[in-house]
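Engineer: Please see the structure below; I have some questions.
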Amino acid sequence: MWPARAIARILGLRALGPKAATTCLALAASLAVLAPGASLGQAPAPPGYTPGPHNITIPADWQARFIRYATVDKPDRKIIRNLYVNPEAFAAMRAGEVFPSGTLVVMADQRARLDPAGNPLLDTSGRFIPDPPLIAIAAQEKRTGWGEGYAPDKRNGEWEYAAFTPDLQRREVNLNGCFTCHLPRAAQDYTFSTWEYAATRR
């Protein structure tokens, strides 16, 4: 957290009169709690917010900009799951710290290529070989004030979930399983692979 007087100096308060400087110093003190690394807790919902997947929009250029930080072979479904995060969140993530508002995690699935017997083909590292097209996309996004309106036994902090087709059309699916699966991960900011990546690589 930045000291309030330091913020006051940044704002150029020394050029102001004593009364104005005192007022602005109080404002600076309030801004200090929003400094990078500060814990925001669960803020009130933003105006007009209602809980649900409609809050999440994946940008059209996500495949070009987002960083793929993990791939997972899923033998039970014969798919490859690719995990991406937006570059702003990637730059800010630190081991053991909650993710910043604006973090957007994208999970994109591909089918594994199969041999004539229906078994996944493997590359030289023993990993599934993907069939190029994406077959499904899901997203998990965090925004300050999101989550208000969910019951305590469902709310995942300030995270929302959504499902999309490969061309980013919204899918109307039941997302309760997402909340249930991530709920026990409160200590890891309701994430799995993203938290583990930050813990081991950042």
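The values are calculated or read from the model by the stated rules, or taken from the named source; none is laboratory data. Everything numeric here is computed off the predicted structure, so don't read it as measured data. We place every Cβ from the backbone using ideal geometry, glycine too, and count neighbours over all the protein chains shown.
Engineer: Just give me the residues in segment 44-64 being without any contact (Cβ under 8 Å) to a residue 60 or more places away in the chain and either surrounded by fewer than 12 Cβ atoms within 10 Å (Cβ to Cβ) or of a type in the set (F, W, Y) (or both), in sequence order.
Structural biologist: Those that are without any contact (Cβ under 8 Å) to a residue 60 or more places away in the chain and either surrounded by fewer than 12 Cβ atoms within 10 Å (Cβ to Cβ) or of a type in the set (F, W, Y) (or both): P47, G48, D61, W62, A64.
Engineer: If you go through segment 147-202 one residue at a time, how many are at pLDDT 95 or above, among the basic types (K, R) and not in a loop (DSSP other than H, G, I, E, B)?
Structural biologist: Number of matching residues: 2.
Engineer: For segment 127-137, state whether one or more residues are assigned to a loop (DSSP other than H, G, I, E, B) and within 24 Å of E196 (Cβ to Cβ).
Structural biologist: Checking segment 127-137: at least one residue is assigned to a loop (DSSP other than H, G, I, E, B) and within 24 Å of E196 (Cβ to Cβ).
Engineer: Something else about it: Residue check, K142 against (1) crowded, with 19+ Cβ neighbours inside 10 Å; (2) touching a helix residue (DSSP H, G or I) at 6+ places or on another chain (Cβ under 7 Å), all met but one. Which one?
Structural biologist: Only one criterion in (1) crowded, with 19+ Cβ neighbours inside 10 Å; (2) touching a helix residue (DSSP H, G or I) at 6+ places or on another chain (Cβ under 7 Å) is unmet by K142, namely (2).
Engineer: Of the conditions (1) under 18 Å from T57 (Cα atoms); (2) of a type in the set (S, T, N, Q); (3) touching a residue at least 40 places away in the same chain (Cβ under 8 Å), S193 clears all except one; give me its number.
Structural biologist: The single condition S193 does not satisfy is (1).
Engineer: Looking at (1) closer than 26 Å to D189 by Cβ; (2) out of contact with any strand residue (DSSP E or B) (no Cβ under 8 Å at 6 or more places or on another chain), which one does W146 not meet, given that it meets all the others?
Structural biologist: (2)
Engineer: Just give me the residues in segment 63-89 being over 14 Å from A136 (Cα atoms) and touching a helix residue (DSSP H, G or I) at 6+ places or on another chain (Cβ under 9 Å), in sequence order.
Structural biologist: Once the filter is applied, which keeps residues that are over 14 Å from A136 (Cα atoms) and touching a helix residue (DSSP H, G or I) at 6+ places or on another chain (Cβ under 9 Å), segment 63-89 yields R65, F66, I67, Y69, A70, V72, V85, N86, P87, A89.
Engineer: Please specify each residue of segment 54-101 satisfying the condition of being under 14 Å from the mean Cα position of the chain (by Cα), outside any loop (DSSP other than H, G, I, E, B) and within 21 Å of E158 (Cα to Cα).
Structural biologist: N55, L83, Y84, V85, P87, E88, A89, F90, A91, A92
Engineer: Using the structure shown, decide if M107 is under 19 Å from D167 (Cβ atoms) and either under 13 Å from the mean Cα position of the chain (by Cα) or not assigned by TED's automatic domain parsing to the domain that holds D167 (or both).
Structural biologist: Criteria met by M107.
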